[in-house]
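The values are calculated or read from the model by the stated rules, or taken from the named source; none is laboratory data. The structure displayed is predicted, hence computed values, not measured ones. Glycine gets a Cβ as well: all are built from the backbone with ideal geometry, and neighbour counts include every protein chain shown.
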Amino acid sequence: MQDSGVRARVNQSRIPCAILRGGTSKGVFFHEGDLPRDPQARDRVLLAAMGSPDPRQIDGLGGADNLTSKIVIVGPSTRADADVDYTFGQVGIDLPYVSYTANCGNLSAAVGAFAIEEGLVPTVAPVTRVPSTIPTRASCSSPTCRWRMARRPSRVSARLPAYPVPPRRLC
């Protein structure tokens, strides 16, 4: 077979994402507005992005391990008591599913960094404070950001080093 120099068109779409590590987990983070609103269409996109189902996830960003086959969807909060909502998803490796029933504490810690990079949270140097419903004794004059897990009534607290930079898309 001769190479004609013409590539076949593949039905692909560009969807911005960021690969972040939180603790011992790695996840692919998506801005909620960049994904389809229909849950079934969204899950098809996420499975394709991760390369699932495939035990090696060779055609995607998944790492063929439960610690590295995770996604996080982040967007503006739908509630007044939070600035950002996030949804965690465990992506099947050799089976085509995305489970939203659990949480990953490691990746929860990375939500604030993603929100800052996406411009969803204002940054104030040297520290942007991200409080939760749990009172802390720490004081900071920085603006606050509150994020919550969309499917559970919990919020996360963190103090993140931040330097004012223009918001940018990571990939």
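Looking at segment 116-129, which of the residues that are buried (at least 19 other Cβ atoms within 10 Å of the Cβ) and over 20 Å from Ala49 (Cβ atoms) is modelled with the lowest pLDDT?
Only one residue tops the list, namely Arg129.
Can Asp43 be described as of a type in the set (Asp, Glu), farther than 20 Å from Leu20 by Cβ and not in a loop (DSSP other than H, G, I, E, B)?
Details: of a type in the set (Asp, Glu): yes; farther than 20 Å from Leu20 by Cβ: yes; not in a loop (DSSP other than H, G, I, E, B): yes.
Spelling it out, Asp43 is indeed of a type in the set (Asp, Glu), farther than 20 Å from Leu20 by Cβ and not in a loop (DSSP other than H, G, I, E, B).
Going by the structure shown, is Ile19 surrounded by fewer than 19 Cβ atoms within 10 Å (Cβ to Cβ), within 22 Å of Pro122 (Cα to Cα) and either touching a residue at least 40 places away in the same chain (Cβ under 8 Å) or among the acidic types (Asp, Glu) (or both)?
Yes: the conditions hold for Ile19.
Got at least one residue in segment 134-153 being of a type outside the set (Lys, Arg) and modelled with pLDDT of 80 or more?
The answer is no; no qualifying residue exists.
Residue by residue, here is whether (1) among the polar types (S, T, N, Q); (2) more than 19 Å from Ser108 (Cα to Cα) holds:
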residue: Leu20; (1), (2): no, no
residue: Ser25; (1), (2): yes, no
residue: Leu35; (1), (2): no, yes
residue: Asp43; (1), (2): no, yes
residue: Ala48; (1), (2): no, yes
residue: Gly51; (1), (2): no, yes
residue: Asp65; (1), (2): no, no
